[in-house]
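Participant: Here it is, the structure, as structure tokens.
Coordinate-derived values only; no laboratory data. Keep in mind that this is a model prediction, so the values were computed, not measured. Neighbour counts run over all protein chains shown; Cβ positions are idealised from the backbone, glycine included.
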Amino acid sequence: MNERFVKHGTFVVERIYAAPPERVYQAWADPIAKAKWFSKPEIFEFQVGGREYSSGGPPEGPVFTFDASYQELVPEQRIVYTYTLDSGDVRISVSITTVELIKVEGGTKLIFTEQGAFFDGHDTPEIREHGTNIMLDTLGKVVEVEVGT
């Protein structure tokens, strides 16, 4: 029998985007916009109590399933959601994520805080933080390019 354990972790990632909070919030709130920087959702109900669900992965790799529920939405200011992440049929984590959007001179400061329970060594807070950094860099490219158009 494999050893079972939980590793708890919290990480915070901050970004400054040269785009107004309205545009950054819209990049989370609109499924077409979100698909430009996150996996394309199969279910997208951007409302408190609503669900976001996507499943996919690289052709030769595992299928990852993201299943989220929105807990609080304050337009152009805050997004809070809880989610599970599975790799194949294995649950690898459960998290709560808070995204804060703060208007600053020339754009938006985004503060992304994730608090997670990571199961049995299938994922770690460090791996998740690395992936989040890549994801938020991509989000920045999307919102900043759209500002220029």
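Participant: What is the one condition in (1) touching a helix residue (DSSP H, G or I) at 6+ places or on another chain (Cβ under 6 Å); (2) over 18 Å from A27 (Cα atoms) that T108 does not satisfy?
Facilitator: (2)
Participant: Restricting to strands (runs of 3 or more DSSP E) lying wholly in region 45-149: which have 3 or more residues that are touching a residue at least 24 places away in the same chain (Cβ under 8 Å)?
Facilitator: Of the strands (runs of 3 or more DSSP E) lying wholly inside region 45-149, those with at least 3 residues that are touching a residue at least 24 places away in the same chain (Cβ under 8 Å) span 64-74, 78-87, 90-104, 107-119.
Participant: Just to verify a result, which residue in region 30-44, among those that are in contact (Cβ under 8 Å) with a residue 40 or more places away in the chain and closer than 22 Å to R128 by Cα, is surrounded by the fewest Cβ atoms within 10 Å (Cβ to Cβ)?
Facilitator: My answer is K36.
Participant: Go through region 17-44 and report how many residues are in a loop (DSSP other than H, G, I, E, B), of a type outside the set (G, A, S) and over 15 Å from Y81 (Cβ atoms).
Facilitator: 6
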